[in-house]
Amino acid sequence: MTLLLPALQSPTGPAASREAVRFGDLSLTYGRLAEASAALAARIADAGRVAVWATPTAETVIAVVAALRAGVPAVPLNPRTGESELAHILADSAPTAVLAGPDDTLPGALEKLRRVTVDTRAFERTDGHPAVEADPEAPALIVYTSGTTGPPKGAVLPRRAIAASLDALEDAWGWTGDDVLVHALPLFHVHGLILGVLGPLRRGGSLRHLGKFSAEGVARELGSGGTMLFGVPTMYHRLAEVLDTPAGAAERDALARALAGARLLVSGSAALPVHDHERIAAATGRRVIERYGMTETLMNTGIRADGVPRPGTVGPPLAGVELRLVEEDGTVLDEPGAIGEIQVRGPNLFTGYLNRPDATAAAHTANGWFRTGDVGTVDEDGYVTIVGRKATDLIKSGGYKIGAGEIENVLLAHPGVREVAVTGEEDPDLGERVVAWVVAADPDSPPPAEELADHVAGQLAPHKRPRTVRFLDALPRNDLGKIMKRSLRA
Ligand code: MCA
Ligand code: AMP
C-alpha cells in the first residue's frame, strides 16, 4: 500500500519550502499544506464522511488533502448548487460534517452538519494526524455526476483509481515535480480536483489556480513559470478568440508568447473543435493535446507528450487501460474504422454509484467492462476518435455534463409550465447550450424566460440554466405519445 500524496507525508528541508499551490496572492508550501491538512485531519478523523464546500480556494485543497490524510471519504460540493440538488446530494451521501472556509456563507441545508472551519491563516500547530495508508479500495472521493434521467449519482472513487489514473498521466506526459500547472477549473469535478489539484500534489509539483478563467490570467501565469495548462474546450475557444485578434495587440501577443512557451497544453471534458486547434497552432506554433475521461473512469486515453498530436482524436488508451468498441447487440468490433460504443476496463475505474447497485450493474457488462455511452472509432495506430454519444438526453455545456431529465423535472414543477422538453444545441463557445422547449400553462401569459432560467439555477446549478427558452403550443409526439426531441432540434 502506498501513499496517495507522498510529498505531503512529512516534508522537510527544501521539499518543505517548495510551493504546492497558489491562489492569487495566497501561496502554500508543501510544509504548510502538510501541517494544515494534518491538523484538520485530526479534527475529522471520526467523521465518517465529510462534505467539502469546494470554492476555488486554498481552503478546498487543505480540506480534500486532510480528508485523504484521515482516510475519510469526501464529497466535494459545488458552492453554487441549488436547493433541490443540494438536498439530494446531502440525503444521498449523508456527510456528518462540512469543511468550509471561515468567510463562506453556507445554505440552510448544511446547518444541521457540524461545520469545520478550514483556515489557511491559523491552524493548531499540533503533530496532527499521520497520513493513513488506507486500503487502496477505500473510497477517497464521491463525485456527483448527471445521468440522462433523475438526480445526479455519486461516483465512488477509490484511492486505487486516483493513483492509477494520475500515474498513467505521468507516464503519458512526462509529468514531474518540476511542472507548474495552471488552470481555472472548478474544484468539485474530476478534471479540476483530481487532475488539477491531486495531480500536481502527487508528483510533488505545483498548481497555480486562477480563481476565475481569463485569457489574461493564463498569459500571466504561463508567462511567469507555468509549464502546463489544463482547460475545457470553452476555455481554449476563448483563448483562440483572443489569438485571432491582430498581431501587435498587447493582450494577444502576451498570450501567444505564453502559450508558445508552455510545455503542455491539455484540453479535456468535451471535444475541442478542430477549428480551435488550428487557430491556436497557427498563432503559437503549439498543439493542444486532448485526453478523454469520465467521472466514473477517470482518464481513459490521451495524446502522449512524445506522441503525434492529431487534432480531433483523443489519443491511444493510457497505460493499464483496456478499451474496446462494442455494437448494440454486444458484438466486439475489431476492424479499424468500425464505430461502436467505447467500453473500458482497468485500475482507473470507480467502485460504483453510491446507494445505486442497480445503476452500477447497468453500467457494466458481466465481465467488468464499463459502458461509457460514448461512441467512437479506433484507427490502426490505436488512436481513439469520439464521434458521438448514445444518449441524446445528455448535454455537455462548457465541459459540464447536464442531464436533460433533471432540468425537465425542475421546470415541470414551475407553475407556469405545462409541458417541457430540454435539448442541447450547438454553441460555438460552450460546445452545446441548454435549450428548453416549453408549453406554457397559460399560453396567453407564458412565464418570462429569465424566470424559468433562474428557477433552474436556484434548484440545480447556474450552469444548468437554459440559455434559450422557446415557447410552443404543443410538443411534437409520436404515436406512443413520446416526445420527438430530434424533430425539435431539427
Ligand atoms: C448562465 N448564466 C445565465 C444564464 N445561463 N444568466 C442568465 N440567464 C441565463 N440563461 C450565468 C451563470 O449563472 C454564470 O453567472 C454565467 O452566466 C456563466 O455561466 P457558466 O455556465 O458558468 O459559464 P461561464 O461563466 O461562461 O463559464 C464557462 C466555463 C465554465 C469557465 C468554461 O463552464 C467552466 O468552468 N467549465 C468547467 C467544467 C468542468 O470542469 N467540467 C469537468 C467535468 P456568473 O457570471 O455569475 O458566474 S468533466 C470531468 O471531470 C471528466 C472526468 C473529464 O473528462 O474532464
Ligand atoms: P463527465 O461525466 O462530466 O465526467 O463527462 C465525461 C464525458 O465527457 C465523456 O463521457 C465524454 O463524452 C466527454 N469527454 C471527456 N473528454 C473528452 C474529449 N477529450 N473529447 C470528447 N469528449 C470528451
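Assorted remarks:
- Considered as a group, the residues in segment 219-255 that are among the hydrophobic types (A, V, I, L, M, F, W, C) and either under 22 Å from residue 303 (Cα atoms) or touching a residue at least 60 places away in the same chain (Cβ under 8 Å) (or both) include one that is farthest from ligand 2 (Cβ to nearest atom), and that residue is 222.
- Lone qualifier among 390, 396, 464 - being within 16 Å of ligand 2 (Cβ to nearest atom), closer than 30 Å to residue 335 by Cβ and surrounded by 17 or more Cβ atoms within 10 Å (Cβ to Cβ): 396
- For segment 294-312, taking the residues that are touching a Ser or Thr at 6+ places or on another chain (Cβ under 8 Å) and not β-branched (Val, Ile, Thr), the one that is surrounded by the fewest Cβ atoms within 10 Å (Cβ to Cβ) is identified as 312.
- Taking segment 92-202 and the strands (runs of 3 or more DSSP E) fully enclosed by it, the elements with 1 or more residues that are within 16 Å of ligand 1 (Cβ to nearest atom) are at 139-145, 153-158, 180-183.
- Residue 121 satisfies every condition listed in (1) modelled with pLDDT of 95 or more; (2) surrounded by fewer than 20 Cβ atoms within 10 Å (Cβ to Cβ) except (1).
- The number of residues in segment 330-369 being without any contact (Cβ under 8 Å) to a residue 60 or more places away in the chain and aromatic (Phe, Trp, Tyr) comes to 1.
- If the condition is being surrounded by 18 or more Cβ atoms within 10 Å (Cβ to Cβ) and either more than 12 Å from ligand 2 (Cβ to nearest atom) or among the polar types (S, T, N, Q) (or both), then segment 357-375 contributes 360, 369, 372.
- Taken together, 435, 420 contain a single residue that is under 24 Å from the mean Cα position of the chain (by Cα), crowded, with 17+ Cβ neighbours inside 10 Å, away from ligand 2 (no atom under 16 Å from the Cβ) and not hydroxyl-bearing (Ser, Thr, Tyr), which is 435.
- Of all residues in segment 275-286, one or more are surrounded by fewer than 22 Cβ atoms within 10 Å (Cβ to Cβ), more than 18 Å from residue 179 (Cα to Cα) and either within 16 Å of ligand 2 (Cβ to nearest atom) or within 20 Å of the chain's Cα centre (by Cα) (or both).
- Scanning segment 140-179 for residues that are buried (at least 23 other Cβ atoms within 10 Å of the Cβ), of a type outside the set (Gly, Ala, Ser), more than 23 Å from residue 208 (Cβ to Cβ) and away from ligand 2 (no atom under 16 Å from the Cβ) yields a total of 1.
- Figure legend. Inter-residue proximity from segment 257-278: first residues touching a residue at least 40 places away in the same chain (Cβ under 8 Å) and assigned to a loop (DSSP other than H, G, I, E, B), second residues surrounded by fewer than 23 Cβ atoms within 10 Å (Cβ to Cβ) and among the β-branched types (Val, Ile, Thr), beta-carbon distance below 6 Å, spacing 6+ or different chains. Indicated pairs: 263/227.
- The listed residues are 330, 315, and the only one of them that is surrounded by fewer than 18 Cβ atoms within 10 Å (Cβ to Cβ) and part of a loop (DSSP other than H, G, I, E, B) turns out to be 330.
- Residue within segment 230-239 that is in a strand (DSSP E or B) and near ligand 1 (Cβ under 10 Å from one of its atoms) present: yes
- Helices (runs of 4 or more DSSP H) completely within segment 373-490 that count 3 or more residues being out of contact with any helix residue (DSSP H, G or I) (no Cβ under 9 Å at 6 or more places or on another chain), more than 16 Å from residue 271 (Cβ to Cβ) and within 12 Å of ligand 1 (Cβ to nearest atom): 449-459
- Pairs are defined by a Cβ separation below 6 Å, a sequence spacing of at least 6 or placement on different chains, a first member in segment 178-192 that is more than 17 Å from residue 51 (Cβ to Cβ) and at pLDDT 95 or above, and a second member that is surrounded by 23 or more Cβ atoms within 10 Å (Cβ to Cβ) and among the polar types (S, T, N, Q); the pairs so defined are 180/206; 191/269.
The values are calculated or read from the model by the stated rules, or taken from the named source; none is laboratory data. Predicted, not measured: the structure shown is a model, and the values here were computed from it. Note that we place each Cβ from the backbone using ideal geometry, even for glycine, and neighbour counts take in every protein chain shown.
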